[in-house]
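The values are calculated or read from the model by the stated rules, or taken from the named source; none is laboratory data. What you are looking at is a predicted structure, and each value in this text was computed from that prediction instead of being measured. Every residue, glycine among them, receives a Cβ derived from its backbone with ideal geometry; neighbour counts consider all protein chains shown. Protein only, heavy atoms only, side chains kept; ligands, DNA and RNA dropped before computing areas. Shrake-Rupley method; radii C 1.70, N 1.55, O 1.52, S 1.80 Å.
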Amino acid sequence: MATSIATKALTPKAAVTLSAILNLVGAFLSVEVAITVTNAVIRIQNPDGTPKPELMADGGHGLLLILMAGLAGAIIWNILTWLWGLPSSSSHALFGGLVGATVAAMGWGGVKWVGEGAKLDGVIGKVVLPALLSPAIAIIVAMIGTKLVFWVTRGVAEKYQESGFRWGQIGTASLLSLSHGTNDAQKTMGVITLALIASGHWTATHEVPLWVKIACAVAIASGTYIGGWRIIRTMGKGLVEISSPQGMAAESSSAAVILTSSQLGFALSTTHVCTGSILGSGLGRKGAKVRWGVAGRMGLAWLTTLPLAGLVGAVMWFIGHIIGGWLGSTTIFLLMCAAALYMRWHSKKDPIGHHNVNDEWDAEQPDADKVPVSGGVH
Amino acid sequence: MDQLFAALDASWRVLLVGVVLGAGLPTIYALGIRALAWGTGGEAEVHEAGVELKPHLLGRLIAYSLFAFVVLCVLLGIGYIVAHGLGMTITFDGIVPVFTSK
């Protein structure tokens, strides 16, 4: 949606509202069971989705602590990068946090680093390789799309071109929001359901409780509605000065790549694909300026997300483990809330919202070291 | 190494479909815009000063059929997501998409 805001195809408010609704719908559409989501990277579940018996020994507390510490690690790292205006992948943070907490709890053997054979699996196959390849694919697709679009519409007056492509942009952005809802809400539902199984509140491994579905759908929609203005600003204005035709090419490239890869079981992060597409749309247009500095900073955030979210996850696990019992989990929770509140307070110093999300990027160059931007979605 | 090859194998498929759909559909939409500009005339096209561009009905017809095609593809995309969520899959054995249970 960021590009529709940048090209003024939609007002900022309208864009986040539309995107929130579509994310909500998308989350409900994803009834496919994602309960084995952790199986890709760590060994805390059996292949059928039930937790490993040794982790259930003390009433599931061992497993719950890993999940809790992993999530806390993911959330803390995510908000920190959003404060910097960098769209770090929440899937990577989730996997990173879980990997970190698992290593802390069970040692290096608790993590599935590399999958076996030709089936993509493990940290390398499910997280690292897709993260390297998917932005590259998106860049190529968006670049070809942008080049073709500009080639076809040469001779059309620029004003007419801009307004004509806005509709296309709204359509493709909507499709993208819908696929985001279906992809990303599933992972959360899987983790919550696993926690419920661990605590003995749920037994079925083929179903997700209805209230979990509702909670995840509402969470992803309200998160979208709040806006993540810092991210929107970086994506829409920071990387490339984007025009409607480029926006449409970028969004259709993202939607096509995300939908195709989920069909082929090629796990990827929506964040990486969208960024790749936007860069590609900049490369595809003659004379368009791509801010490689911004892109490089993002790349750095991607590379560090997995290990650093893991580190925070591991630290959280040790804190929870040393204090022990429910007091330990409560401490982790409070630490996470404290971190979130601190960063929220920090972001208020330099607020970015629907009112200034589209301001000229370069006007901020004097203090470019202090990366602008607030809060974030995916 | 197997993992790398598996990832590269998946990549070129994603790339191929991505180029066809992700770059192809915007191009068709762009053709629609091009046709619509020709069909609208007036200020829609780049032209020399003093020349009055005439509207063409044919241009508009072509444009709307191209737009309809793109919308159809997008609807199929949404249909695909929904079907996927409901544990179904779409096959294109003929031209007409068929929803089947997985």
For the stretch A:145-165, enumerate the residues that are facing chain B (nearest Cβ under 7 Å), without any contact (Cβ under 8 Å) to a residue 40 or more places away in the chain and outside any helix (DSSP H, G or I). A:Gly155, A:Val156, A:Ala157
Out of everything in the stretch B:59-84 that is among the aliphatic types (A, V, I, L, M) and either at pLDDT below 85 or not in a helix (DSSP H, G or I) (or both), what residue ends up being nearest to A:Leu29 (Cα to Cα)? B:Val82
Return the pairs, sorted by first residue and then second, in which the second residue is among the hydroxyl-bearing types (Ser, Thr, Tyr), the first residue lies in the stretch B:1-30 and is touching a residue at least 40 places away in the same chain (Cβ under 8 Å), the beta carbons are less than 7 Å apart, and the residues are 6+ apart or on different chains. B:Leu25/A:Ser252
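Given the structure, is A:Ala142 in contact (Cβ under 8 Å) with a residue 12 or more places away in the chain, closer than 29 Å to A:Gly60 by Cα, open to solvent by less than 20 Å² (accessible area, probe 1.4 Å) and within 12 Å of another protein chain (Cβ to nearest Cβ)?
Spelling it out, it is not the case that A:Ala142 is in contact (Cβ under 8 Å) with a residue 12 or more places away in the chain, closer than 29 Å to A:Gly60 by Cα, open to solvent by less than 20 Å² (accessible area, probe 1.4 Å) and within 12 Å of another protein chain (Cβ to nearest Cβ).
With the condition kept exactly as written, say whether any residue in the stretch B:32-54 is under 20 Å from A:Val156 (Cβ atoms), of a type in the set (A, V, I, L, M), modelled with pLDDT of 75 or more and open to solvent by 60 Å² or more (accessible area, probe 1.4 Å). If you could, list the steps in order and put the result at the bottom.
To start, the set of residues in the stretch B:32-54 that are under 20 Å from A:Val156 (Cβ atoms) comprises B:32-54.
Checking which are of a type in the set (A, V, I, L, M) leaves us with B:33, B:35-37, B:44, B:46, B:49, B:51, B:53.
Then drop every residue that is not modelled with pLDDT of 75 or more, which leaves B:33, B:35-37.
Those still in the list that are open to solvent by 60 Å² or more (accessible area, probe 1.4 Å) too: none.
No.
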Return yes or no: is A:Gly238 among the small types (Gly, Ala, Ser) and more than 13 Å from chain B (Cβ to nearest Cβ)? yes
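A quick yes/no check of all residues on (1) within 14 Å of another protein chain (Cβ to nearest Cβ); (2) more than 18 Å from A:Ile137 (Cα to Cα):
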| residue | (1), (2) |
| --- | --- |
| A:Ile214 | no, yes |
| A:Gly223 | no, yes |
| A:Arg230 | no, yes |
| A:Gly247 | yes, no |
| A:Val257 | yes, no |
| A:Ser262 | yes, no |
| A:Thr271 | no, no |
State whether one or more residues within the stretch A:82-92 are at the interface with chain B (Cβ under 8 Å from one of its Cβ atoms) and open to solvent by 40 Å² or more (accessible area, probe 1.4 Å). no
Checking the condition at pLDDT 80 or above and either more than 10 Å from every other protein chain (Cβ to nearest Cβ) or under 15 Å from the mean Cα position of the chain (by Cα) (or both), which residue from A:Thr193, A:Thr203 passes? A:Thr193
Starting from the stretch A:204-226, keep only residues that are at negative phi, then list their pairs with residues that are hydroxyl-bearing (Ser, Thr, Tyr) and part of a loop (DSSP other than H, G, I, E, B) whose Cβ atoms are within a distance under 6 Å, requiring at least 6 positions of separation or different chains. A:Thr205/A:Thr50
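Each row is one residue, and each column tells you yes or no for (1) touching a residue at least 60 places away in the same chain (Cβ under 8 Å); (2) in contact with a Phe, Trp or Tyr (Cβ under 7 Å, 6 or more places away or on another chain).
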residue	(1), (2)
A:Leu306	yes, yes
A:Leu311	yes, no
A:Trp317	yes, no
A:Gly320	yes, no
A:Leu327	no, no
A:Ala338	no, no
A:Trp345	no, no
Checking A:Gly168 against (1) more than 7 Å from chain B (Cβ to nearest Cβ); (2) open to solvent by less than 20 Å² (accessible area, probe 1.4 Å), the condition it does not meet: (1)
Just checking, does the stretch A:310-317 include any residue being of a type in the set (Val, Ile, Thr), more than 26 Å from A:Ser163 (Cβ to Cβ) and open to solvent by 40 Å² or more (accessible area, probe 1.4 Å)? yes
Could you identify the single residue in A:Gly73, A:Gly164, A:Gly96, A:Gly85 that is small (Gly, Ala, Ser), under 30 Å from B:Tyr29 (Cβ atoms) and in contact with a helix residue (DSSP H, G or I) (Cβ under 7 Å, 6 or more places away or on another chain)? A:Gly164
